[in-house]
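Step one of this worksheet: look at the structure below.
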Amino acid sequence: MKTYFRANLQFMRPIQDAFPLLQTPKKIFIITHHKPDGDAIGSMLGLSYFLKKMGHEVAAIEPSEMPEFLTWMPGVDGVLNYEEKPLLCEAAFNEAALIFCLDFNDPSRTKYLTQQLEQTTTPKIIIDHHLFPKECWDYGMINSAKSSTSEMVYDFINLMGKNEMIDNNIATCLYTGLMTDTGSFRFSCTTDETHLMAADLKRKGLNHSIIHEHINDSWSLKRMQFLGYVLLEKMEIFPKEHAGLIALSKQDLKTFGMNINETEGLVNQPLCIKGVKFATLITERTDEVRLSFRSKGDYDVNAFARKYFNGGGHLNASGGKSNSSFLETVTYFKQILSEIHPR
Ligand code: 5GP
Ligand code: MN
């Protein structure tokens, strides 16, 4: 039996209470988290299309550039990158009558709009599936038992009684978030509701196989060769701890001409090995060292990320950071690992 952490959501009103605000055309600001993934961009674009169809004017903001494997998505040309156009993004924020925050639960995950989000008097609606939300939202849906924010945007559209408005663009965007956050319907966050949503999108004409091709079969040869190198030379397995580690320095990436987005998914590789329940990817960045954690079963990587690496996320997928050097972080991680024993 899986344990879910039910947040106490008394600090905000249910999303239905915000429906009257959506009855007349408004300027709406939508933002997702820094270093957006498939669910972040998928849920944001899906919601943007839906709100525009309802007659609203929408500004969709990504705090930093989306990874290459998502640039085929419908609507990406309309997304504003804060790092490229900070003034335009700030103007859109100030003009907005309503704010949607998607796929994160703490304003600091936007990196650049932390204070603005905390201090604004404009109503803020959150739709998110991460654990331990910051209590600063006016309306929303927060449910850590949900597979993805994209599934929750679908629920939101249904709650509004607007299922028939889901067209091919909305279906494509929401399916992209659904499939990426569930590891193509493999991870334990996948539920009957997840499959029912996929079935409904399919009925609406979704071409799912082309999306899988865009996401999974768009690697460059050098990226595939880099994966070979990483698996052979960089992956360490710790059988006693049921753990696997991949640690990549800036030099490792440079040697293969890889950018950091091309390390996406590597963290899952150790989990393909029988007996491994806990996988970690450590990457050296320009300004910090990032850590990604994945687990199987009830080993809580959210708690691990919070306790040791100032991070968070979900029970089976989380992330964190370290301000120590890359080598010190790797040594520290191994030291912690020898002190814990994931079942
Ligand atoms: P990833 O390993 O793909 O970067 O992140 C895995 C999950 O953990 C994502 O849901 C992401 O939002 C969350 N996450 C990643 N880094 C952090 C962090 O520094 N703080 C928090 N609270 N969550 C994070
Ligand atoms: Mn997500």
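Look through segment 303-328, keep the residues that are assigned to a helix (DSSP H, G or I) and within 21 Å of Lys240 (Cα to Cα), and return whichever of them is farthest from ligand 2 (Cβ to nearest atom). My answer is Tyr308. Between Arg223, Arg203, the distinction of being within 24 Å of the chain's Cα centre (by Cα) and among the basic types (Lys, Arg) belongs to Arg223 only. Take Cys101 and decide whether it is outside any loop (DSSP other than H, G, I, E, B), buried (at least 19 other Cβ atoms within 10 Å of the Cβ) and within 16 Å of ligand 2 (Cβ to nearest atom). The answer is yes for Cys101. Annotation: of all residues in segment 104-124 being surrounded by fewer than 22 Cβ atoms within 10 Å (Cβ to Cβ) and in a loop (DSSP other than H, G, I, E, B), the one that is farthest from ligand 1 (Cβ to nearest atom) is Thr121.
So, Ile246, is that one in contact with a helix residue (DSSP H, G or I) (Cβ under 7 Å, 6 or more places away or on another chain), β-branched (Val, Ile, Thr) and under 26 Å from Asp39 (Cα atoms) or not? Yes, satisfied. Only one of the numbered conditions (1) farther than 30 Å from Ser218 by Cα; (2) in a helix (DSSP H, G or I); (3) within 15 Å of ligand 2 (Cβ to nearest atom) is not met by Met141, and that is (2).
Would it be correct to say that Ile211 is hydrophobic (A, V, I, L, M, F, W, C), within 24 Å of Asn261 (Cα to Cα), within 20 Å of the chain's Cα centre (by Cα) and in the same structural domain as Leu131 (by TED's automatic domain parsing)? Criteria met by Ile211.
In segment 83-97, the residues that are free of Cβ contacts under 8 Å to residues at least 60 places away in the same chain reach residues that are among the hydroxyl-bearing types (Ser, Thr, Tyr) and surrounded by 12 or more Cβ atoms within 10 Å (Cβ to Cβ) with C-beta atoms within less than 6 angstrom, at least six apart or across chains, in these pairs: Glu83/Ser64; Cys89/Tyr82.
The values are calculated or read from the model by the stated rules, or taken from the named source; none is laboratory data. All values derive from a computational prediction rather than experimental measurement. Using ideal geometry, Cβ is built from the backbone for each residue, glycine included, and neighbour counts are taken over all protein chains shown.
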